[in-house]
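Enquirer: Sharing a structure, written as structure tokens. Questions coming.
The values are calculated or read from the model by the stated rules, or taken from the named source; none is laboratory data. Because the structure is predicted, anything quoted here is derived from the model rather than measured. Virtual Cβ from ideal backbone geometry, glycine too; neighbours counted across all protein chains shown. With ligands, DNA and RNA removed, areas are computed over all heavy atoms of the protein, side chains included. Shrake-Rupley method; radii C 1.70, N 1.55, O 1.52, S 1.80 Å.
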Amino acid sequence: MMDTLFNFKLEDLEIMGRSIVQIISIVSQTAMVLGGVVPFIPQYLDIRRTHNTEGFSLFVCLTLLIANILRIMFWFGKHFELPLLVQSIIMIFAMLVLVELCVRVNQTNEIISSRSRRFTDFDPEHFWKWTDFLSYVEFSLTFTLLVGIVTLLLINVPVYVELLGFAAVFTEAMLGAPQFYRNFQNKSTVGMSKKMVAFWTCGDVFKTVYFILREAPAQFWICGMLQVSIDIAIFLQVLIYMNNPLLVVKKQSKPAIS
């Protein structure tokens with residue numbers, strides 16, 4: 001009788017243990033899918049509230065667009081976990097939404113109408129500084145098409161697939177670099193959402209640990225560690241430039257953006 005009861009309790013514990021593991025797995029996968037977008041919500045709200053984009057580097061969006069397009073192409077050559085693929089798709093749409101807001105704010109703040117700059121001008125000097133949102137979409141589609149064609153031709157070449165994977169995660173690892181450089185140029189972090197960087201750091205630490213525990217390809221966790229290092233460097237800028245006067249960003253009072 002006691003043996004039967006003991007075995008019954010053991011089975012209950014095993015079932016409970018498996019259920020807990022499954023719940024943790026679902027939560028962590030959900031965090032991976034949505035966690036990449038969450039850090040940009042404070043920055044998006046700050047831009048809407050202040051009607052100013054000077055403190056935020058639009059090249060952050062470029063970095064993430066390229067990184068996630070490359071990651072999707074890498075998936076066709078070497079399948080990795082589905083949550084990471086879904087995360088890339090969501091991130092691409094999120095970055096385009098943020099770009100659209102920045103372009104709209106810049107147009108609203110423009111006092112003297114300047115010459116329009118478009119992707120189809122093919123002017124390197126104004127790359128990723130276009131004045132219309134459609135140009136950013138056109139670039140993203142063109143880049144996706146070109147990489148897609150090359151990947152289709154070289155999908156069976158292991159060296160290319162591995163290099164593609166490394167390029168994807170290394171580009172993402174350099175996510176904070178444009179913002180770091182923008183802060184360095186301005187000698188100020190005003191206009192940059194500190195909450196965004198805090199979310200970046202927490203998310204990158206979680207992501208790196210997730211990659212290691214889930215035995216993701218080495219490219220993922222190595223570049224994750226690099227990403228955490230850059231996040232920390234940006235936080236150091238916040239401390240260094242804390243008492244610096246605002247050199248570039250100017251407060252503007254504009255009507256609310258609908």
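Enquirer: Just want to confirm a number: the relative contact order over segment 24-139, from Cα pairs under 8 angstrom separated by 6+ residues, in percent.
Expert: Once normalised by length, the contact order is 29 percent.
Enquirer: What's the carbon and sulfur percent of segment 101-223's accessible surface, probe 1.4 angstrom, rounded to a whole number?
Expert: Of all accessible area on segment 101-223, carbon and sulfur atoms account for 71 percent.
Enquirer: Taking the Cβ of M95 as the center, what net charge do the other residues with Cβ under 14 Å away carry, scoring Lys and Arg +1 and Asp and Glu -1?
Expert: Summing Lys and Arg as +1 and Asp and Glu as -1 gives -1.
Enquirer: In angstroms, what radius of gyration and Dmax does segment 43-84 have, counting Cα atoms only?
Expert: 15.2, 43
Enquirer: In a shell of Cβ-Cβ distance under 14 Å around L70, excluding L70 itself, what net charge do Lys and Arg (+1) and Asp and Glu (-1) give? Please report the intermediate quantities before stating the final value.
Expert: Numbers: positive: R71, K78; negative: E162, E172.
So the surrounding residues net to 0.
Enquirer: Keeping all protein chains in place, calculate the accessible area per residue for segment 92-192 (probe 1.4 angstrom), answer in Å².
Expert: 56 Å²
Enquirer: Any chance you could list P(r) for segment 140-248, counting all Cα-Cα pairs in 10 angstrom bins from zero, rounded to whole %?
Expert: Here the calculated profile for segment 140-248 is 14, 34, 28, 19, 6, 0.
Enquirer: Within 11 Å, Cβ to Cβ, of D204, how many net charges do the neighbouring residues add up to if Lys/Arg are +1 and Asp/Glu are -1?
Expert: After counting each charged neighbour, the total is -1.
Enquirer: Once the piece of chain linking K187 and L236 is laid out straight, how much longer is it, given 0.36 nm per residue of separation minus the C-alpha distance between them?
Expert: Length gained between K187 and L236: 16.4 nm.
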